[in-house]
Amino acid sequence: MQNHRELIVAFDFFTVPTITFKLLYCFFVIEHGRRKVLHFNATRHPTAEWVVQQLREAFPEAAPYKYVILDNDSIFNCEVIAFLTSAGLEPKRTSIQAPWQNGTAERWVGSARREMLDHVIPLNEAHLRRLIREYVDYYHDDRLHDSLEKDSPSRRPVEAKPDGDGEVIALDRVGGLHHRYTWRRAA
C-alpha cells in the first residue's frame, strides 16, 4: 500500500444525529497520500444517484488516482461502480465487516468524531456542512499527523522562534475547540 498510496482514494459514509434526533449521512472522499479530504457533503436521504453526483464533484476531471477503496454498502451499486470505472478509477471493495481495510477513511471518521462531533451537536444539514468545512480546514492546515512525519496534509511550514522576545499566541480553530499556536513578534 505504501508504494501506491499516492494513487489511492477512499470514500465512505458516517452518520451524525442532529439536535432534533434526525439522522444525517455525511459522505466524504479522502486521498491516501497526504490524507486530504477531497470532498464532503451531508444529506438526510442518500441515494446512489446522489453519491454519483458527489463523485462528479470530487473528480471533475481526470485525476492522478488509480484505485478507490469502498465498502460493501448497498448504496454503492452498479451505477456508482460504472461511474468510477468511466472516470478511470479501479474500485476495490473491502471485505464484509472489515473496516480496517479502509483504515484511512475510518481513521478520519474517528478523528472528526473525537475532535469535533463529540463536542458539538449539529442543528441541521447546513450547520453540519459548516462544522465539517471548518474541521476539514483545520485538519488540512493545522492538525499535525504522525503518518506525515508531524506535518499537515497542506504541508504546514515550520515556524522558527523569532529573534529577541517572542510570545506564543493561540489562534482559535473550529469555533475554539482547537487552536493553532504561533509566535507574536515583539514590537
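Checking the structure you have, find out if any residue of the stretch 95-113 is more than 30 Å from HIS178 (Cα to Cα) and in contact with a helix residue (DSSP H, G or I) (Cβ under 9 Å, 6 or more places away or on another chain). Checked against the condition, which is being more than 30 Å from HIS178 (Cα to Cα) and in contact with a helix residue (DSSP H, G or I) (Cβ under 9 Å, 6 or more places away or on another chain), the stretch 95-113 yields at least one hit.
Taking the conditions (1) outside any helix (DSSP H, G or I); (2) of a type outside the set (Val, Ile, Thr); (3) in contact (Cβ under 8 Å) with a residue 24 or more places away in the chain in turn, HIS45 satisfies each one other than (3). Go through the stretch 27-50 and give me each residue that's surrounded by 18 or more Cβ atoms within 10 Å (Cβ to Cβ) and touching a Leu at 6+ places or on another chain (Cβ under 7 Å). Scanning the stretch 27-50 gives VAL29, ILE30, GLU31, ARG35, ALA42.
When the criteria are applied in full, ARG114 fails the requirement of being of a type in the set (Lys, Arg) and in contact (Cβ under 8 Å) with a residue 12 or more places away in the chain. Kindly check whether there is at least one residue in the stretch 156-165 that is within 30 Å of LYS22 (Cβ to Cβ) and either surrounded by 14 or more Cβ atoms within 10 Å (Cβ to Cβ) or at pLDDT 75 or above (or both). Checking the stretch 156-165: not a single residue is within 30 Å of LYS22 (Cβ to Cβ) and either surrounded by 14 or more Cβ atoms within 10 Å (Cβ to Cβ) or at pLDDT 75 or above (or both). If you go through the stretch 1-27 and keep only what is under 17 Å from ARG114 (Cα atoms) and either in a loop (DSSP other than H, G, I, E, B) or touching a helix residue (DSSP H, G or I) at 6+ places or on another chain (Cβ under 8 Å) (or both), you end up with PHE14, VAL16, THR18, CYS26.
The residue list ALA105, ALA126 contains one member that is in a helix (DSSP H, G or I) and modelled with pLDDT of 95 or more, which is ALA126. Only residues that are hydrophobic (A, V, I, L, M, F, W, C) and loosely packed, with under 11 Cβ neighbours inside 10 Å were counted in the stretch 57-97, giving 3. When you check HIS39 against the structure, is it in contact with a helix residue (DSSP H, G or I) (Cβ under 6 Å, 6 or more places away or on another chain) and either of a type in the set (Phe, Trp, Tyr) or in contact (Cβ under 8 Å) with a residue 40 or more places away in the chain (or both), yes or no? No; evaluated as a whole, the condition is false for this residue.
The values are calculated or read from the model by the stated rules, or taken from the named source; none is laboratory data. These numbers come from a predicted model, not from an experiment. Here Cβ is always computed from backbone atoms with ideal geometry, including for glycine, and neighbour counts include all displayed protein chains.
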